[in-house]
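Worksheet: the structure to be examined is printed underneath.
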Amino acid sequence: MRVFVLPDEDPLHVAFTKDRLGLFPYQLRGVWDRQVFSGTVQAPTRVADESEMIRRVAAAPGAVGYARSALRDPRVHTLEVR
Amino acid sequence: MNLRRFIAAWKRRAPGGAWGLPAPRRTRGLSTALLTPLLALFPAAQSLWTSLQIHGFVAQAVLDTSDNRWFARYDGTSFGFTEVGLNASLRPRPWLLLAGQVLARRAGEMYNGTPAIDFALADVSLLSSPQQHAGLRLGRIKNPLGLYNETRDVAFTHPGIFLPQVVYFDKVRNLTLSTDGAMLYSETDTDLGTLSLNLQGG
């Protein structure tokens, strides 16, 4: 599975990380850094904004990401998180 | 003993402005959508190299000591502690991860900076579900000792520049650093926390 994330300072990334994962963005980065630098996972791919997020998730099989609004794009499956 | 140390390490950090701020109000009431492609099959046409990732780091310490040359080559100010690493990883199949890292380390009289293979492994995923994953690693594997042994040479992955010697004793560093062998691992999410089991030999 490929994971896409927005930049650390992006308001949606901050909100998603804090509200959903219970971590600050730098703590999330620390979690994946410890695994990337021990060879146990690959890092998430950073995208510039939500439109690139949707485009990249749609193009990569088995990929996951997050966006602010629900989509009508038939290439992606949307799970709503309130 | 009069010991003063000034330590500065080049670190990658999260931007200071990103934390401590409340989540912006405008995102509160809105839904966050998770996106997953409908097509989860791995297409044969996808290039092998699209999954290639390369990461690296450089850490340089500045040490100032009067009598304790631990990690320093001489009394006074020295630059005797340097860590440089470069790693690459590739996922040619969804169930297979190949990863390797070269590490060059200067540490006082102990290490002179000769590059060495820090890890080089193949990770085969045997089981993967939302609650549990398990797999087999083969090759040179970092030992999961304490909290930080696996990334003890990567400054920005642990608090402080030097790790506490009571757990990460540098005199037995070569014994504890990594294993050339195999490791079966599993992690299970439970209501109480994450249960992690590792069986390693080499």
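Whenever you get a sec, line up B:Glu187, B:Glu83 from highest to lowest accessible area (probe 1.4 Å, protein heavy atoms).
Of B:Glu187, B:Glu83, the descending order of accessible area is B:Glu187, B:Glu83.
If each of B:Asp75 and B:Ser128 carries a label point 7 Å out from its Cα toward its Cβ, how far apart are those two points in nm?
5.7 nm
Which distance in nm do the two modelled labels at B:Thr50 and B:Met110 give, with both placed 7 Å along the Cα-to-Cβ direction?
4.4 nm
On the full set of protein chains, 1.4 Å probe, figure out the accessible area of B:Trp95 and give it in Å² to the nearest 10.
Looks like 130 Å² after rounding.
Can you give the accessible area of B:Ile117 in Å² (nearest 10), computed on protein heavy atoms with a 1.4 Å probe?
Around 90 Å² of this residue is reachable by solvent.
So how do B:Lys171, A:Lys18, B:Lys142 rank on accessible area, 1.4 Å probe, biggest first, that is with the largest at the start?
Largest to smallest exposure gives the sequence B:Lys171, A:Lys18, B:Lys142.
Quick check: with the 1.4 Å probe, what order do A:Val5, B:Val166, A:Val41 take by accessible area, largest first?
Putting A:Val5, B:Val166, A:Val41 in descending order of accessible area: B:Val166, A:Val41, A:Val5.
Can you tell me the dipole magnitude for the range B:67-160 around its Cα centre, using point charges on the Cβ only (Lys, Arg +1; Asp, Glu -1), in Debye to the nearest 20?
Magnitude of the dipole: close to 320 debye.
Return one number: the angle in degrees, 0 to 90 and rounded to the nearest 10, between the long axis of the Cα atoms of helix A:50-59 and the longest principal axis of the Cα atoms of chain A.
80 degrees
Could you compute the FRET efficiency for A:Leu21 and B:Leu175, with r as their C-beta to C-beta distance and R0 at 41 Å, rounded to 0.05?
Efficiency computed from Cβ-Cβ geometry: 0.70.
If ligands, DNA and RNA are left out, what is the accessible area of B:Leu145 with a 1.4 Å probe, given in Å² to the nearest 10?
Roughly 70 Å² of B:Leu145 is accessible to a 1.4 Å probe.
How many angstrom lie between the Cα centre of the range B:145-202 and the Cα centre of the range A:26-57?
Centre-to-centre (Cα) distance: 22 Å.
The values are calculated or read from the model by the stated rules, or taken from the named source; none is laboratory data. Keep in mind the model is a prediction, meaning the values are calculated, not measured. Ideal geometry is used to build each Cβ from the backbone, glycine not excepted, and the neighbour counts take in all protein chains shown. Heads up: the accessible areas ignore ligands, DNA and RNA and are worked out on the full protein's heavy atoms, side chains in. Shrake-Rupley method; radii C 1.70, N 1.55, O 1.52, S 1.80 Å.
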